[in-house]
1. What nm value, rounded to one decimal, do you get for the distance between S23 and A56 when each label is placed 7 Å out toward the C-beta?
2. Apply 1/(1 + (r/R0)^6) to the Cβ-Cβ distance of T36 and I5, taking R0 = 30 Å, and write down the FRET efficiency to the nearest 0.05.
3. What's the carbon and sulfur percent of the chain's accessible surface, probe 1.4 angstrom, rounded to a whole number?
4. Per-residue counts of other Cβ atoms within 10 Å, averaged by peptide: what ranking do you get for 29-36, 46-53, highest first?
5. So what's the back-of-envelope 222 nm ellipticity for the chain, counting only DSSP H runs of four-plus at -39500 (n - 2.57) apiece and dividing by all residues, rounded to 500?
6. Which one is right for this structure if log10 I(q)/I(0) by the Debye sum over Cα atoms at q = 0.15, 0.25, 0.27 Å⁻¹ is calculated from it: (i) -0.63, -1.08, -1.20; (ii) -0.57, -1.01, -1.06; (iii) -0.45, -1.22, -1.36?
7. For D35, what is the net charge nearby, where nearby means another residue's Cβ is under 13 Å from its Cβ and Lys, Arg count +1, Asp, Glu -1?
8. Per residue, how many Å² of accessible area does the chain show with a 1.4 Å probe?
Amino acid sequence: MNDYIRFQLLAGIEQLKSGRRYSEYNTFNILLDADTSTVTVEDEPDVHRESTLSFADFQVPLRSSTGLQL
């Protein structure tokens with residue numbers, strides 16, 4: 001994941017107040033769900049492999065990797 005994608009995801013979490021936003025990338029997909037405050041990461045090559053985290057838990061590694069503070 002590059003800095004551009006990290007920034008997109010951090011901004012998406014901050015801006016999404018309700019509903020869902022689904023983003024597709026080369027090897028993974030991300031579902032931001034504001035109603036449940038969760039992020040689901042899907043492995044594109046293996047459709048049965050996914051992980052769900054809270055917004056807060058997902059933001060920690062994104063921010064630490066870039067030094068960004070939104």
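The values are calculated or read from the model by the stated rules, or taken from the named source; none is laboratory data. Note that the structure is a prediction, hence the values are computed from the model and not measured. Positions of Cβ are backbone-derived with ideal geometry, glycine not excepted, and every protein chain shown enters the neighbour counts. Each accessible area value is taken on the protein alone, full model and side chains, heavy atoms only, with ligands, DNA and RNA left out. Shrake-Rupley method; radii C 1.70, N 1.55, O 1.52, S 1.80 Å.
1. Computed distance between label sites S23 and A56 equals 2.2 nm.
2. That gives a FRET efficiency of 0.85.
3. 48
4. 29-36, 46-53
5. -11000 deg cm²/dmol
6. (iii)
7. +2
8. For the chain, the solvent-accessible area averages 65 Å² per residue.
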